[in-house]
Each structure stands twice: as structure tokens, then as C-alpha cells.
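Before any comments, here is the structure.
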Amino acid sequence: MSASLLNQIEYSASHLFAALVLLGSFALIYQRRMVGMFNAFAFQATALAAAAAWEAYVQAAPHLYVTAGLTFVLKAVVIPLALRRIVRKLDIHRSIEVVIGIGPTMLAGIALVVLATLLVLPVMPGVAAIAREELALALAVLLIGLLIMITRRNATSLVIGFMSMENGLILGVVGVAGMPLVVEVSIALAVLVAFIIFGLFLIRIRERFDSLDAHYLESFRGERR
Amino acid sequence: MTADLLVAAAALLVLGFAGALWPRPDGAQIVVYGGSAIAAAALAGQALLALLGGGAATPVLTLPLGLPWVQAHFRLDALSLFFVLLLNLAAALVSLYALGYGRHEEAPHRVLPFYPVYLAAMNLVLAAADAFSFLVSWECMSVASWLLVLAQHREAANRHAAFVYLAMAGFGTMALLFAFGLLAGAQGDYSFAGMRTHDLTPVLAGAAIVLALIGAGSKAGLVPLHVWLPLAHPAAPSHVSALMSGVMTKVAIYGLVRIVFDLAGPPQWWWGALIMTVGAVTAVLGILHALLERDIKTLLAYSTIKNVGVIAIGLGLALVFRASGIGDFAALPFIAALFHALNHSLFKSLLFCAAGAVAHATGTRDIERLGGLIHRMPRTAFVALVGCFAIAGLPPLNGFVSEWLMLQSVFTSPSLPQPLLKLIVPVAGVMLVLAAALAAACFVRLYGIVFLGRPRSPDAAAAGETDAVMIWSMAAFAALCLVCGALPAPAIGLIEPAARAMVGAGLPDGGAGWLYLAPVAGKPSSYSGAVVLLAMIGFGLAVALLVHRLGWRSLRRAPPWDCGFPSTDPTTQYSGSSFAQPLRRVFGTVAFRAAETVDMPDPGETRPARFALSLWDPAWRFVFNPCARFVVWAAEHLNALQFMTIRRHLSFMFATLIALLLAVAAVAR
């Protein structure tokens, strides 16, 4: 096997995994039911873990395996299971209320991908192609995560959108060679902390208002409309 | 010298604490003002010696203060040394004055702690050699003076003045911050030495100049950023007013000179044209305001605005010559501007001290309630007369010399290549002449109404002479005015090192000796204050002798000419308002839309006739009131942002992010 062919395979595979993460984002957009959203999120996290593992192999950077493992265990297994348990235990309404219809949201998501590509490709012409493309995809994932946060009414969707943004961040981080492990661990922990905080919020909202509509968060903050 | 200055500044800060903690107010006065006078006198003496020795720049002194990667740099070059001399000379004498004046202070505990801090901060501004320590010292100066303006905070007018001052000071410092940010360049080197080596693009350098003009100009009182000055300067106790008007405006001028002549690199001609235009407008509007003002201290503050305008005209002209490649001509207006700064610090401090003495003796600052004080306060009246002569630009005093030099530089200037400058330079010269003439009228009015005639109120009739300490410190100011006017050449010798450092040239032949001042090479114009003084004394004695020898023979006593109106009431005298009326009608109707309304009762009515005068300041009308309305409007509408849902907050962030990314994508194309 020649070196160029090996390079091509490396390039294509990391591209593939990054694209799978992005696919996960789109899968998140078109979910109408809570459980489907958890599944899509688990799928995205799995793809991210695979991407991180592949980068670890390509860059010969063993600490990325740790990232991959953390991502898989936390985001693909623990968090979706925990969320599913909360939903079941609290007997929360299982459907998702959308602010903007799914079709327009998908179109907006595609526009974001175009924007991210247009943005990253010319801005960093000197960087290796592999890092550039991954960065463009990572930025797209991040933006779509934010889009999910603002186009869904449920508090649970807020959590999922937020963690999807984190996924985009990690995808960008693992694509760059030489990123120290500390950062990844801290990011993973931050996500966990955010999960705990959001979970706490959900439980408290449930206790007080018997609903998971984020609308109630506002009155909880003591603000008026 | 730099280390000495820092030690003196530290000592002044300690004095501030002493002023706050000293148990007895009388002792605190002596400690604070005496200590300040000693520190300032020591610094002035050192600066004088250093300037006489050629004014070589001291090495940079780096202190491990402030931001760790910037540190605090201090350095004194010829320009800083000249301003250190100017500052501390006035500060020493004003502190001496305060030894007497402070005894009458209503609330000494609100003045004593801040006064030495204020002096220290001004000194540190002059010594700073990096943007960080410059701005920190500048802000300390602003805040200390703001606290001093608030010393008599129970009067609503003073609180308003302090509020306007604080807003303008913050705005000005922000502009300076951005100016330094531009000058520091992409590398972010905030030391002055680093800024000198940066090459900025013309657009960025021009933006830095405009920002510096806004920042330093708002502190110096350039139109239209002058509105706080006539409010805040009179609100402070008189000795602080003297420092704010006489000295702090010069510190602002120093900041402008430092940035424009030193840090910004090779100048462009429009910088000078801009500064000159602003200066000309400032000079005329400032003195017109002063002419119409009734409050002594406010009048003096407006006159400060005029003098700052005059200084700005000189600096702008010097910049124009330097940018046009005729640097030899730049020295004269530059020296004239700095000499005028020195002179103004002397006579304006003197006049504010005299105003403080009058206000204390009579309890009022309204000139319409004063009059006849020359009989009740003869010594104060004499030193105030010297100050009025000096500020009105009469020979042989110092105000004449610097304005004469300024006019020499305008009217002997070579023709410039830019057509716009061919228009601006002569017009600025004409405005300068107009401002000088109006200043003479203004101070004839001030002196005539306050000191001559008969008392217009019982307060003025009951006034008495002030303390000996105050008289002596004012006499020292007057003596300095006379020395600088009679022997200007040695004083200008102190400025020459600064001129050589900033514009690269001095006067030809060093101004031709100590007796005569010949500023323009190859032209016959020259001036000797000493000769004029001797001639005036000689002629005066001769006339006095003649009058006494010949005049007394036909002496007869008779009632004075009363214009056929034999009333003895003091209100039949000229008032300040009536004296200013002709000029108000000529200029005020255009500049301030002055309108007089007379409410005349019908025959048979018993109510009195009323005369009302309305003026408005174009700066408030066109700049500040619209700004204030916009801020209030924007605040009301932006308030809605605070009460949005989480999702809307996120949507705003999302939209902002997308907009910024689109902008980046568009730029990167």
C-alpha cells in the first residue's frame, strides 16, 4: 500500500466520521418525539467517539482514545439513559413542540452548513486539508446545536441542543493535532456538570409546575413577559 | 529627576492620607498645604535646573506596577520638564495661597485629602512613559478633581456640575484609550518608546489624532467639548479652581502635544488644519461667553477656554508647518503656544486667587453686586489689575509677548501649498486678533465693574482686605507675570529644548539675546519687554511730573459731571450687563441667539418694567441635548431586551453570531 493511498484513506475516513456527526445533527432536527431525540443524540455521540478514536489512530495520539472513551461512555450511554429514565420516571409529555416547522428548520440547517464551509475554507488556506474540512463540519454541528436550542420549546430539547453544541466543539478539538488532554477532560466534565444542572432544573420544574415547558423557566427566574 | 518626581508624588499621596486622618483641622491645613507647597517648589526648582542644563531626557525608569506585561514606565524629556515646571510653579504658589484661603473653607475635610492627590496625579501624567500609567494617572487626576468639585455638594448647581464633569471626563478618557490603542498598533506595545517606532497607515494615524483631540480636548476645554468646564471650574474651592483652570488644562495640552507631535509619527497637514480651526472657534466663542457672564469665576473659566483655543491655534500652525516640510517655521508657533500656556497658568491662577479673595470678602461672586473694591481691598485690587493687564495682552506683561509671538508666526508665515490652508491660516489669525480684542474688553469690564465705581450692594460696601499670606502669594504670581513679560527671552530659553525635541528646530539665533526678542530671522520685528517697561515708567513719571507741576495751578473743586441726572444711587452706574450690551448685540445675536425682551407696563399700571435676556449655548443646543435625548431614548427601548424569554435571548445570540460569521465570510472573500 503506497503512502498516498494510505493518506487518502485516512482523509476519507475522518471525513466520513465527521459527516456522520453532522448527520446526527440533522437527525436531531427532524425528531418529533423525545425518545427519538435521545436515540439520535446517542447516535451522534457514537459517531463522535468513532471520529475521536480514528483521529487518535491517525495522529498517533493515544490521549485521544481517552476522549473517545469518555465521549462514548458519557454521551452515548449514560446521558441518554439517564434522560430516558427522567422522562419515564417523571411521566413527561413525550412529544416535542416546535417553534418553526421541521422543514424550514432543516433548510436553515443546510444554510448553516453552507455558511460554515464558506467561512472556514477560505479563512485557513495554509492549514492541512484534513483539519480544515473537519473544522467546517464541526462549526456546522455547533451552529445546528444552537439552532435546535432556539427552535424547540421543551426544556429537554434545550439540554440536547446544548450537548450537541458541545459535540461540535469536541469534533473541532480532536481534528487539531497537539491539543492537550486536560482540555478534553475539562470539556467532558463541563458537559456533565451542565447535564446535572439541567437535570436538577427539570426535576425542580416538574415539582413546581408539573410541566417541562421552558416557558416556566421565565417565571421561575422572576421575570415578566 | 524622574525618581525625585516619583518620590514627591508618593509624598503627596501620603499627605493626602495625613489630610484625611489628622485630628485637628487647623493643623491639617498647615500640614497639607505647607507640605504641598514644599513638594511642588522642590519639583519646580529641579525642573528649572534641568531645563537650564539643556533639558536632556532622563532614562526610562521602569517600576513593577500595573499590568505585569506592560509595567509602569516613567521618563522626563524636555517637554515633560517644561510642563513639570509650569505645573509645580503654579501649584507651589497656589498651595501658599491656600494656607490663608483654606482657613475660611467650610468643609476642609472634603478638600484636604484630595488636594495633594490631585497634584501628585498631575505630576505623574507628565512623567508617564507608557499608555497604561498615563491613563491611570489621568483618571486619578480626573477623579481627584471631581471630588474637589463636589467639596460643596449641598448646592444643587455643584452636584450638576460634578455630574457633567464626570460624564465628560469618562468620555474623554475613553477616547484617549482608543487613541492609545490605535497608536499601540497590532503588536500591542503600550510603551511610548514602542509607539514612536510604529508606522501607522495614514487613516489609522488620523483616527488616533481625532480621538486624541477629543480626549485631551475635552479636558482642555476645546469647543464643543467645553461645556463641563464653566460649570466645574467655578464650583470647586478657589485655589482648586486656580489649579484646574491654570494647570489641569495645560496637562491636557501636554497630552495633546505628546500624542500629536511625538507619538503619532510624521504629521499630515489636515491634522494641523483641524486643530487650528477648532482652536480659532474655541478662542472666539470662549471669550464671547466670558464677555456676557456675570459670575466672576465662571467668567474666568470661559476665559480659560479662550486661552486654550489660542494655544491650540499655535499648536495647529506648528503642525501644519512641520507637515509641509518647513520645520524651521514650526518652532515659532510651537514656542508661542507653550509660552502662552506658561503665561496663562500664571495670570489665570492669579485671577482665580483674586476672585477667591473677593468672593470670600464679599460673600458673592456676582459682579452686579460688587463694585468699589479698590478702596476696600487695595492690595488685592492692585494684583488683580496686574493679572487683568496680563490676560488682556497689554505690554509689558507676559500675555502680550506670547500673543505677539503667535501673531508674528501667523502673519509672517510662508505661503503653503494646500489651498485650504491658504484660507484657514489667515482666518485663524483674524480670529486670534478678534479674541484678543474681546479679551481686553472682557477684562476692562471685569475690573471696572468689580473694583471701580461704587459698591452695588451692602456686601461689597462691607468688604475688607484679605490675609497677608494670600496677598503675598498673589503678588508672587504678579511678579512672575512681570518677569516673563519684561524678560521673555530667558523664559523662552526654557521652552527651546522642548521645541527642538518636538519640532526639530528652535528660534533663529536663540531669539537674539536676552534683552531683545527677534523671533523671525531676516525680519525687523523685534520686541523688548524691559525696554517697553522702562519707557512706560519713564513716560509715566514724566507725565505725572508735568501734571503735578502744571496742573495743580488751575485746581478747583466742583461737583463731578453727572450727565444731568443728579441721582446718587449706585444702580445708576454702568452695570456688567450694560457694558457688554453693544458687543452682545453685535456678536451674541449670531453666536448665542441672544434675545432681549422688554416688558413695559402700560401707563397707569403699578407693576415694574422688566427686562429679560435669553442666551443659549450652541454646544448644548446642537451637540449635548440631542445626545442626551438619544441616550434616554435608546435606554428606554433597550430596556425591553431585559425581559425576554430564554429562547429569544438565545435567538439574539444566534442571530448576532450568524451576522458576525457572515461578515467574516464576506471579508475573507
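The values are calculated or read from the model by the stated rules, or taken from the named source; none is laboratory data. Since this is a predicted model, take the numbers as computed values, not measurements. Using ideal geometry, Cβ is built from the backbone for each residue, glycine included, and neighbour counts are taken over all protein chains shown. Heads up: the accessible areas ignore ligands, DNA and RNA and are worked out on the full protein's heavy atoms, side chains in. Shrake-Rupley method; radii C 1.70, N 1.55, O 1.52, S 1.80 Å.
Every residue, every condition in (1) aromatic (Phe, Trp, Tyr); (2) out of contact with any Gly (no Cβ under 9 Å at 6 or more places or on another chain), yes or no:
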{"position": "B:Leu434", "(1), (2)": "no, yes"}
{"position": "B:Leu446", "(1), (2)": "no, no"}
{"position": "B:Ala501", "(1), (2)": "no, no"}
{"position": "B:Tyr516", "(1), (2)": "yes, yes"}
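Of the residues B:Pro618, B:Pro626, only one is over 30 Å from A:Leu115 (Cβ atoms), open to solvent by less than 60 Å² (accessible area, probe 1.4 Å) and either modelled with pLDDT of 90 or more or within 11 Å of another protein chain (Cβ to nearest Cβ) (or both); which?
B:Pro626
Give the residues of segment B:341-366 that are buried (at least 24 other Cβ atoms within 10 Å of the Cβ) and farther than 19 Å from B:Leu93 by Cβ, sorted by residue number.
If the condition is that a residue be buried (at least 24 other Cβ atoms within 10 Å of the Cβ) and farther than 19 Å from B:Leu93 by Cβ, then B:Thr362 is the only one that fits.
State all residues of segment B:457-471 that are open to solvent by less than 50 Å² (accessible area, probe 1.4 Å) and not in a helix (DSSP H, G or I); if no residue qualifies, say none.
Once the filter is applied, which keeps residues that are open to solvent by less than 50 Å² (accessible area, probe 1.4 Å) and not in a helix (DSSP H, G or I), segment B:457-471 yields B:Ser457, B:Ala463, B:Gly464, B:Thr466, B:Asp467.
Scan segment B:554-578 residue by residue and report those that are assigned to a loop (DSSP other than H, G, I, E, B), at pLDDT 80 or above and closer than 19 Å to B:Arg369 by Cβ.
Hits for segment B:554-578 are B:Asp569, B:Gln573, B:Tyr574, B:Ser575.
Test B:Val386 against the stated conditions and say whether it is of a type in the set (A, V, I, L, M, F, W, C), open to solvent by 20 Å² or more (accessible area, probe 1.4 Å), assigned to a helix (DSSP H, G or I) and closer than 29 Å to B:Val84 by Cβ. Explain how you work it out, then say what you get.
Details: of a type in the set (A, V, I, L, M, F, W, C): yes; open to solvent by 20 Å² or more (accessible area, probe 1.4 Å): yes; assigned to a helix (DSSP H, G or I): yes; closer than 29 Å to B:Val84 by Cβ: yes.
So B:Val386 fits the description; yes.
Restricting to segment B:40-70, count the residues that are of a type in the set (Gly, Ala, Ser) and open to solvent by less than 20 Å² (accessible area, probe 1.4 Å).
Residues that pass the stated criteria total 4.
When you go through A:Tyr57, A:Tyr30, A:Tyr65 one by one, which is the residue that is under 22 Å from A:Ala116 (Cα atoms) and open to solvent by 60 Å² or more (accessible area, probe 1.4 Å)? Please lay out each step first, then the result.
Working: A:Tyr57 fails: under 22 Å from A:Ala116 (Cα atoms); A:Tyr65 fails: under 22 Å from A:Ala116 (Cα atoms).
Of A:Tyr57, A:Tyr30, A:Tyr65, the one residue that is under 22 Å from A:Ala116 (Cα atoms) and open to solvent by 60 Å² or more (accessible area, probe 1.4 Å) is A:Tyr30.
Report yes if B:Pro603 is without any contact (Cβ under 8 Å) to a residue 24 or more places away in the chain, within 24 Å of B:Gly453 (Cβ to Cβ) and open to solvent by 70 Å² or more (accessible area, probe 1.4 Å), otherwise no. Full working, then the answer.
Details: without any contact (Cβ under 8 Å) to a residue 24 or more places away in the chain: yes; within 24 Å of B:Gly453 (Cβ to Cβ): no; open to solvent by 70 Å² or more (accessible area, probe 1.4 Å): yes.
When the stated conditions are applied, B:Pro603 does not pass them.
Given the condition open to solvent by 10 Å² or more (accessible area, probe 1.4 Å) and either assigned to a helix (DSSP H, G or I) or under 24 Å from B:Leu183 (Cα atoms) (or both), answer yes or no: does some residue in segment B:241-248 qualify?
no
State all residues of segment B:158-195 that are within 17 Å of B:Gln71 (Cα to Cα), open to solvent by less than 50 Å² (accessible area, probe 1.4 Å) and not in a helix (DSSP H, G or I); if no residue qualifies, say none.
Of everything in segment B:158-195, those that are within 17 Å of B:Gln71 (Cα to Cα), open to solvent by less than 50 Å² (accessible area, probe 1.4 Å) and not in a helix (DSSP H, G or I) turn out to be B:Gly188, B:Ser191.
Looking only at segment A:121-173, filter to residues that are within 14 Å of chain B (Cβ to nearest Cβ), open to solvent by less than 50 Å² (accessible area, probe 1.4 Å) and touching an Asp or Glu at 6+ places or on another chain (Cβ under 8 Å); which one of those is modelled with the highest pLDDT?
If we take residues in segment A:121-173 being within 14 Å of chain B (Cβ to nearest Cβ), open to solvent by less than 50 Å² (accessible area, probe 1.4 Å) and touching an Asp or Glu at 6+ places or on another chain (Cβ under 8 Å), then A:Gly145 is modelled with the highest pLDDT.
Evaluate the following for B:Ala120: is it touching a Ser or Thr at 6+ places or on another chain (Cβ under 8 Å), surrounded by 24 or more Cβ atoms within 10 Å (Cβ to Cβ) and at pLDDT 90 or above?
For B:Ala120, the condition - touching a Ser or Thr at 6+ places or on another chain (Cβ under 8 Å), surrounded by 24 or more Cβ atoms within 10 Å (Cβ to Cβ) and at pLDDT 90 or above - is not met.
Which residue pairs have Cβ atoms closer than 7 Å, lie 6 or more positions apart in sequence or on different chains, and pair a first residue in segment B:614-627 that is within 20 Å of B:Gly588 (Cβ to Cβ) with a second residue that is open to solvent by less than 70 Å² (accessible area, probe 1.4 Å) and part of a helix (DSSP H, G or I)?
Short answer, once both residue conditions are applied: B:Leu615/B:Leu292; B:Leu615/B:Gly588.
Is it the case that B:Thr201 is of a type in the set (S, T, N, Q) and open to solvent by 20 Å² or more (accessible area, probe 1.4 Å)?
Criteria met by B:Thr201.
Between residues in segment B:641-666 that are over 16 Å from A:Gly161 (Cβ atoms) and more than 7 Å from chain A (Cβ to nearest Cβ) and residues that are assigned to a helix (DSSP H, G or I) and hydroxyl-bearing (Ser, Thr, Tyr), which pairs lie under 9 Å by C-beta distance while being six or more apart or on different chains?
If the second residue must be assigned to a helix (DSSP H, G or I) and hydroxyl-bearing (Ser, Thr, Tyr), the pairs left are B:Met644/B:Ser651.
Residues that are without any contact (Cβ under 8 Å) to a residue 40 or more places away in the chain, touching a helix residue (DSSP H, G or I) at 6+ places or on another chain (Cβ under 8 Å) and within 30 Å of B:Tyr574 (Cα to Cα): does segment B:427-441 have at least one?
Yes, there is a match, as at least one residue in segment B:427-441 is without any contact (Cβ under 8 Å) to a residue 40 or more places away in the chain, touching a helix residue (DSSP H, G or I) at 6+ places or on another chain (Cβ under 8 Å) and within 30 Å of B:Tyr574 (Cα to Cα).
So, in segment B:297-318, exactly how many residues are open to solvent by 10 Å² or more (accessible area, probe 1.4 Å) and not aromatic (Phe, Trp, Tyr)? It would help to see each step written out before you state the result.
Taking segment B:297-318 first, the residues open to solvent by 10 Å² or more (accessible area, probe 1.4 Å) are B:298, B:302.
Add one more test, that the residue is not aromatic (Phe, Trp, Tyr), and what stays is B:298.
So the answer is 1.
If a residue must be farther than 17 Å from A:Leu112 by Cβ and polar (S, T, N, Q), how many such residues does segment B:635-669 contain?
Going through segment B:635-669 one residue at a time, the tally reaches 3.
Looking only at segment B:223-240, count every residue that is open to solvent by 10 Å² or more (accessible area, probe 1.4 Å) and either modelled with pLDDT of 95 or more or in a loop (DSSP other than H, G, I, E, B) (or both) and tell me the total.
3
As an exercise: evaluate B:Leu99 against (1) within 22 Å of B:Val7 (Cβ to Cβ); (2) assigned to a helix (DSSP H, G or I) and give the number of the one condition it does not meet.
(1)
Please work out if B:Ser413 is at negative phi, outside any loop (DSSP other than H, G, I, E, B), crowded, with 20+ Cβ neighbours inside 10 Å and touching a residue at least 60 places away in the same chain (Cβ under 8 Å).
When the stated conditions are applied, B:Ser413 does not pass them.
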